[in-house]
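Only one structure is covered here, and it is reproduced in the block below.
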Amino acid sequence: MGVVARVRSILPNAADLPAAFPSLRAAFGEVLPAATMFEAKLADPRMKIEIEVDAIIGSG
């Protein structure tokens, strides 16, 4: 098990980020990890968000 230390979210439209907050809160709880959001085109136009996570293995 590990602890998520950092999350990077890539969205085609930055205005969609607030819609992702409930899912992020459900996944990470009340204490969110450090986070960065980028606005960029994704490989598949059907995709709404790409999430990259860095975790520290063995710290949980």
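Kindly provide the set of residues from segment 1-40 that are in a loop (DSSP other than H, G, I, E, B) and at pLDDT 90 or above, ordered by number.
Those that are in a loop (DSSP other than H, G, I, E, B) and at pLDDT 90 or above: Pro12, Asn13, Ala40.
Go through segment 10-43 and give me each residue that's charged (D, E, K, R) and surrounded by 12 or more Cβ atoms within 10 Å (Cβ to Cβ).
Of everything in segment 10-43, those that are charged (D, E, K, R) and surrounded by 12 or more Cβ atoms within 10 Å (Cβ to Cβ) turn out to be Asp16, Glu39.
Suppose we filter segment 44-60 for residues that are farther than 14 Å from Val7 by Cα and either surrounded by fewer than 10 Cβ atoms within 10 Å (Cβ to Cβ) or in contact with a strand residue (DSSP E or B) (Cβ under 8 Å, 6 or more places away or on another chain) (or both); how many remain?
Total satisfying the criteria: 8.
The values are calculated or read from the model by the stated rules, or taken from the named source; none is laboratory data. Because the structure is a prediction, the values reported are computed rather than measured. Neighbour counts are summed over all protein chains in view; Cβ atoms, including those assigned to glycine, are modelled from backbone coordinates with ideal geometry.
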